[in-house]
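Please treat every number below as a calculation from the coordinates, not as lab data. The structure presented is a predicted model; accordingly, all values stated were derived computationally and were not measured. Because the Cβ atoms are built from the backbone with ideal geometry, glycine has one as well, and the counts that use them run over all protein chains shown.
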Amino acid sequence: MFNEPLSDLTKVLATLVDGSNRICIPGFLDRVRPNTLAPALARLDSSAEFSLKGYRDALGVPQLVRRSPRAHARLRVGGLPCCRTQLSA
C-alpha cells in the first residue's frame, strides 16, 4: 500500500505555517527589513504621482470601500492581506 501524493503534499504544506498563520520556515523572514511598510505608505500618501482622490476620480467612484467601523479596522496599516507576510507570491 502507498500513500496518496496529494495527502502527503497537504501534510507538508500544513507545516509551513502555524495555527496563527505565522511562517514556520527557518530563515524565511531573515532578509525582510522590519518597519518598512509605514514609511512606504507615508511616501505614497505624499506622492505627487499618486493620490487616493486622483485614483477615485479616475475610477469615477466616490469612495474605494464602504465606510463602517468594521471596514475601517481592516484598513489599518498592515491590516490588508497584501501587507502581511505570506508564503504566496
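In this simple spin-label model, placing a label point 7 Å from the Cα along the Cα-to-Cβ direction at both residue 22 and residue 57 gives a separation of 4.5 nm. 3J(HN,Hα) along the range 9-15: 4, 4, 5, 5, 4, 5, 8 Hz, from the Karplus curve 6.51 cos²θ - 1.76 cosθ + 1.60 with θ = phi - 60°, whole Hz, x for Gly and Pro.
Annotation: amide H of residue 17 within the under-5 Å range of 24, sequence separation 5 or more or interchain, hydrogens built in the peptide plane.
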